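> Structure incoming, see below.
The values are calculated or read from the model by the stated rules, or taken from the named source; none is laboratory data. Note that the structure is a prediction, hence the values are computed from the model and not measured. Cβ placement follows ideal geometry from the backbone for every residue including glycine, while neighbour counts extend to all protein chains displayed. The accessibility values were calculated without ligands, DNA or RNA, using every heavy atom of the protein model including side chains. Shrake-Rupley method; radii C 1.70, N 1.55, O 1.52, S 1.80 Å.
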Amino acid sequence: MTSTAPQTTPLASEAADAAPWWRQASVYQVYPRSFVDTDGDGIGDIPGITARAEYLEQLGIDAVWLSPFYPSALADGGYDVADYRDVDPRLGTLADFDRMLEQLHARGIRVVVDIVPNHSSDQHAWFQEALAGGRGSAARDRYIFREGSGPDGSLPPTDWVSVFGGSAWQRVDDGQWYFHNFAVEQPDLNWAHPEVRTDFVRTLRFWSDRGVDGFRIDVAHMLTKDLTEPLPSQAELDAMPRDGQHPLIDRDDVHEVYAEWRAVFDDYEPPRTAVAEAWVDRARVPRYASQESLGQAFNFDLLQADFDAGQFRTIVADNLTLAAESGSSSTWVLSNHDVVRHATRYGLPNPPRMADGQPAIKHGLEWVLAGGPEGDLDRVLGVRRARAATLFMLGLPGSAYLYQGEELGLHEVAEIPDAQRQDPTFFRSPGVDAGRDGCRVPLPWTAEGGSYGFGDGGAHLPQPAWFADHAASVQEGAGGSTLSLYREALELRRALQTEERLEWIETGRADVLEFRRPNGWRVITNFGTEPHRIDDAEVLLSSEPLVRGMIPGAATAWLAPSAD
Ligand code: GLC
């Protein structure tokens, strides 16, 4: 076996345990409205997270990231925030939040909350003030209001299309229009306004003072805008380079905002952390991940890849290089609240590649849109590959972000009647996009009982009958269950964690990847179908039972450091 040159990040010489906690954390994303419902209103709540503190501890994660739990009219699953410094009454109170924080901290679990700075809800006091204040009022300046086009201003100011489909402008009663990158109910804030900047600093301090450990920054690449007239057309926008000067996306000046935030984060001990959700050209990710900016950025490459050795290797290599450039650690994600669950993606035929070799970002959504035809999905293979990919990811240097329910091997729920769908991406592009509800269905905790143990008052999205087989109670302590695999893997990962680098080991097979961490911990993933022979090192964990000392197809094994 020959090895290639090690990939090194600047921290490589430091011992893993001397590094800040977030660099190689495993972070579990909780979508609070779908986790546990303690008051029987069909919506998960903050006391529900507290009630499962032991489950989270046993899972072995280092931190939870909470998707928004703020007051919201739920036009976009809570990403339409009506008050950034409170808890939605349906989810509890600030006192409930403090209790949850205390309970999680007591179990050594850190808490990261979601900040949504690009837009507020149209229910936010500021927007209501802007509506009431009328044309030309100071309150309208906190948002992006413009006169319409056409002889009587009855057409939108531009032909810009929102990310969720349809026009990006909405007319108000007095005839002016406001800009919304996402849903109509999510007016974009004006980041050129000093009060907007001050208010978010206040919000960051509000949660930091309560003891929150870090922040996940929603659409971090869109806040600042250059809206100098005349405004370009959508076609012109599309043709503009994304080089930091684009009027709407990934502008260099957004980092002035984050430099200010950095000063706030560093004002606390330990410094508060942040991770950017920034859908930008790969070469521009390090700006967000640098220690002068947010400090870490999501890398969504794995969640757009097929279960394919070549793609996985390139992605890992590229992202470790990028991490080295920013001085941050890399992040890895297979599933979150915005994409089809990875068990399902891997059980469907591979998506057609775009002409330039890029993956189709929305893999699996066409299957959901078609109502989830059973014949197209290999459920067993999907979960098997998902387990293998997760074990591969958990062996990588850097932070691993997990999404609630993946530890139960859940598939995407396709069988949601249109009338019960909630996601604006479905309503704004009917017949084209089924939306993201299928990964947000309340979790099954028990095989029987109301809402499979989610709560006594039903579930706000319908749970399919097959959820019973995946219930946490069924998998508890069951050897070979996906829940057991996650627990063992996360526990072992802590014990094995080492310096932030890896060395590839050539396996002689294009469909088998092997890498070694500095302490000798080895990870081997067989992406193919033929079993792969391994040496006689001790196998610490494998996603499937080994067959006569060989790793079967679609499986990962972790090997112990050798004694020498
Ligand atoms: C982010 C969130 C997504 C939300 C959007 C608008 O992409 O992850 O769920 O819809 O921002 O806030």
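> Could you tally the net charge around His470, taking each other residue with its Cβ under 15 Å from the Cβ of His470, Lys/Arg +1 and Asp/Glu -1? Write down the numbers at each step before the final one.
Numbers: positive: Arg341, Arg379, Arg384, Arg387; negative: Glu406, Glu407, Glu412, Glu415, Glu448, Asp469, Glu476.
Once positives and negatives cancel, what remains is -3.
> Follow-up. Please give the contour-minus-distance gain from Ala106 to Leu227: 0.36 nm per residue of separation, less the Cα-Cα distance, rounded to one decimal in nm.
Full extension from Ala106 to Leu227 adds 38.8 nm.
> Here is a follow-up. Among Thr498, Thr50, Thr93, whose Cα sits farthest toward the positive end of the charge dipole of the chain (+1 at Cβ of Lys/Arg, -1 at Cβ of Asp/Glu, about the Cα centre)?
Of Thr498, Thr50, Thr93, it is Thr498.
> In addition: So which trypsin sites (Lys or Arg not before Pro) in segment 266-295 end up in coil per DSSP with only 13 or fewer other C-beta atoms within 10 Å? Could you put the intermediate results ahead of the total?
On the way: sites: Arg272, Arg282, Arg284, Arg287; in loops: Arg272.
Passing sites in segment 266-295 do not exist.
> Going from the alpha-carbon gyration tensor of segment 218-303, what semi-axes, largest first and in whole Å, does one get by taking the root of 5 times each eigenvalue?
On the way: eigenvalues 139, 49, 15 Å².
Working from the Cα gyration tensor, I get semi-axes of 26, 16, 9 Å.
> Just the C-alpha atoms of segment 321-477: what Rg/Rh do they give, with Rh taken as the Kirkwood radius?
Values: Rg = 16.7 Å, Rh = 16.9 Å.
On the Cα set of segment 321-477, Rg over Rh gives 0.99.
> Taking the Cα-to-Cβ direction at Gln58 and at Glu506 and moving 7 Å from each Cα, how far apart do the two end points lie in nm?
The modelled label-to-label distance comes out at 4.7 nm.
> Return the percentage of antiparallel bridges among DSSP beta bridges fully within segment 24-163, rounded to the nearest 5 %.
Working: 1 of 9 bridges.
DSSP beta bridges in segment 24-163 are roughly 10 percent antiparallel.
> Just the number, please: carbon plus sulfur as a percent of the accessible area of the chain, 1.4 Å probe, no ligands or DNA/RNA counted. Mind showing how you got there, number by number?
Values: 10780 of 20850 Å².
That fraction is 52 percent.
> Can you work out the FRET efficiency for the pair Ala317 and Met240, with r the C-beta to C-beta distance and R0 = 22 Å, to the nearest 0.05? Each step should come with its number before you reach the end.
Working: r = 30 Å, r/R0 = 1.37.
So, using R0 = 22 Å, E works out to roughly 0.15.
> Still on this model: For segment 280-339, what is the convex hull (Cα atoms) projected area averaged across all directions, in square nanometres? Intermediate values should be presented prior to the final figure.
Details: hull surface 16.3 nm².
About 4.1 nm², averaged over all directions.
> Can you give the net charge of the other residues whose Cβ lies under 14 Å from the Cβ of Thr507, counting K and R as +1 and D and E as -1? Can you show the working numbers first?
On the way: positive: Arg313, Arg509, Arg516, Arg522, Arg533; negative: Glu503, Glu506, Asp511, Glu514, Glu530, Asp535.
Net charge in that neighbourhood comes out at -1.
> Something else: Note the per residue figure in Å³ for the convex hull of the C-alpha positions in segment 153-200. Walk me through the numbers on the way to the answer.
On the way: hull volume 4.8 nm³, N = 48.
So the per-residue hull volume is 101 Å³.
> Quote the charge dipole size of the chain about the Cα centre in Debye, to the nearest 20; the model charges only the Cβ of Lys and Arg (+1) and of Asp and Glu (-1).
Values: 49 positive and 86 negative charges, 169 e Å.
Here the size comes out at about 820 debye.
> Ignoring ligands, DNA and RNA, what accessible area per residue does the chain give at 1.4 Å, in Å²?
Details: 20850 Å² over 564 residues.
Averaged over the residues of the chain, the accessible area is 37 Å².
> Give me the three principal axis extents of the chain from the C-alpha atoms, as integers in angstrom, largest value leading.
77, 52, 49
> Starting at the first residue of segment 337-350, write each ³J(HN,Hα) from the Karplus equation 6.51 cos²θ - 1.76 cosθ + 1.60 with θ = phi - 60°, in whole Hz, x for Gly and Pro.
Once θ is set to phi - 60°, the couplings for segment 337-350 become 6, 10, 10, 5, 3, 5, 4, 6, 4, 7, x, 9, x, 4 Hz.
> Determine, from the Cβ-Cβ distance of Ser149 and Asp253 and an R0 of 35 Å, the FRET efficiency 1/(1 + (r/R0)^6), rounded to the nearest 0.05.
Working: r = 27 Å, r/R0 = 0.77.
Working from the Cβ atoms, E equals 0.85.
> Also, I was wondering about something else. Please work out the Cα center distance from segment 229-268 to segment 137-182, rounded to the nearest Å.
Measuring centre to centre over Cα atoms gives 20 Å.
> To continue, here is another question. Summing +1 for each Lys or Arg and -1 for each Asp or Glu, what net charge is found among the other residues whose Cβ lies under 13 Å from the Cβ of Glu269?
-3
> How much of the DSSP bridge set in the chain is antiparallel, in percent, rounded to the nearest 5? Display every interim value, and only then the final one.
Details: 30 of 54 bridges.
For the chain, the DSSP antiparallel bridge percentage is about 55.
> Among Ser429, Gly480, Pro349, whose Cα sits farthest toward the positive end of the charge dipole of the chain (+1 at Cβ of Lys/Arg, -1 at Cβ of Asp/Glu, about the Cα centre)?
Gly480
> Another one. Using only alpha-carbon positions, what ratio does the radius of gyration of segment 368-449 give when scaled by 2.2 N^0.38 Å?
Numbers: Rg = 15.1 Å, N = 82, 2.2 N^0.38 = 11.7 Å.
Dividing the Cα Rg of segment 368-449 by 2.2 N^0.38 Å gives 1.28.
> List the residues, sorted by chain then number, that are 5 or more residues from Val275 or on another chain and whose placed amide H is less than 5 Å from its amide H.
Counting only residues 5 or more places away or on other chains, the set is Phe215, Arg216, Ile217.
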